[in-house]
Amino acid sequence: MGSLAKTDPATLSGVALDAFRRAETSMVIRTYLGLAVALAILAALVWWRRKRLIETVFEQADIFKMFNLLNRARFAFGTACIFLYVGAEVSIGSVIVNYLMQANTLGFPAEEAGKHVPFYWGGALVGRFIGAFVLKYVSPGKVLAFNASIVVVLLLVSANTVGAVSGWSLLSIGLFNSIMFPTIFALASEGLGDRTADGSGVLCVAIVGGAIVPVITGAAADVIGLKAALIVPAICYLGILGFGIYTRQRTAGAVTSAAAAA
């Protein structure tokens with residue numbers, strides 16, 4: 001795979017070009033065969049354990065009735081935070097490469113900057129395991145407020161420093177993003193009872209923030225520069241910080257379990 005990535009097909013011809021195309025096609029085939037095998041194994045596991053599944057029957061959802069849940073302050077706040085979180089996370093993930101290429105951050109070429117993106121998303125993976133442990137002992141609202149406050153600080157540090165500090169401050173945000181989505185989702189859904197399914201639907205609609213906030217961030221970057229445009233995700237995380245504070249004393253054990261397991 002590495003050798004193919006380093007080969008420019010424009011420089012090949014004849015037999016060499018045919019060999020390159022065969023190798024490229026073979027790689028695609030192996031990838032999709034691997035995915036097919038993985039899905040087949042997953043389907044087999046579900047089939048094997050199908051008798052343990054509990055059937056739950058819901059009435060036909062009324063799409064307009066679903067949204068009247070937004071009359072509940074806690075749920076409306078949580079829905080807004082799902083919008084803000086997904087928007088902020090995608091915004092940062094979208095600008096990382098360009099950000100690390102700037103002379104006043106790490107000044108990397110595009111390829112090298114791209115190789116650092118996994119630190120952002122990998123941090124989210126590591127943080128999820130740490131968060132699952134912490135959420136067993138600390139109120140989800142407090143954990144959410146703490147993580148959001150750290151992210152705001154990291155954004156401010158990144159925007160107001162240069163060099164490695166600026167670049168790595170932005171990359172380390174992934175670590176603190178880790179528990180936000182499931183925790184916000186669980187806190188917003190708490191207390192909905194038999195309307196939990198409706199609430200889940202509304203919360204899933206709120207991820208549209210991932211399509212809107214990045215556009216706002218990009219527009220801000222065009223006007224005031226990429227560093228200053230970090231104010232947009234920072235405002236989003238301030239909203240999440242507020243939700244964490246709002247729910248810090250209003251959580252049940254079920255919320256902790258749900259957030260930790262998600």
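The values are calculated or read from the model by the stated rules, or taken from the named source; none is laboratory data. If you're wondering where the values come from, they're calculated on a predicted model, not measured in any experiment. Don't worry about glycine lacking a Cβ; one is built from the backbone with ideal geometry, like all the others, and counts go over all protein chains shown.
Table for the structure above
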| quantity | calculated |
| --- | --- |
| Meets criteria (within 16 Å of residue 96 (Cβ to Cβ) and either in contact with a Cys (Cβ under 6 Å, 6 or more places away or on another chain) or in the same structural domain as residue 98 (by TED's automatic domain parsing) (or both)) for residue 174 | yes |
| Residue match in region 142-158 (condition: of a type in the set (Gly, Ala, Ser), surrounded by fewer than 20 Cβ atoms within 10 Å (Cβ to Cβ) and at pLDDT below 95) | no |
| All helices (runs of 4 or more DSSP H) inside region 2-87 with 3 or more residues being modelled with pLDDT under 65 | 2-5 |
| Residue in region 174-194 that is under 19 Å from residue 80 (Cβ atoms), charged (D, E, K, R), modelled with pLDDT under 95 and surrounded by fewer than 19 Cβ atoms within 10 Å (Cβ to Cβ) present | no |
| Residue match in region 165-173 (condition: under 18 Å from residue 81 (Cα atoms), touching a residue at least 60 places away in the same chain (Cβ under 8 Å) and either touching a Leu at 6+ places or on another chain (Cβ under 9 Å) or not β-branched (Val, Ile, Thr) (or both)) | yes |
| Residues being in a helix (DSSP H, G or I), in contact (Cβ under 8 Å) with a residue 40 or more places away in the chain and within 14 Å of residue 227 (Cα to Cα) - total across region 97-118 | 3 |
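Condition check ((1) in contact with a strand residue (DSSP E or B) (Cβ under 9 Å, 6 or more places away or on another chain); (2) among the basic types (Lys, Arg); (3) surrounded by fewer than 18 Cβ atoms within 10 Å (Cβ to Cβ)) across all residues:
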| residue | (1), (2), (3) |
| --- | --- |
| 76 | no, no, yes |
| 80 | no, no, no |
| 87 | no, no, no |
| 93 | no, no, no |
| 99 | no, no, no |
| 105 | no, no, no |
| 111 | no, no, yes |
| 115 | no, yes, yes |
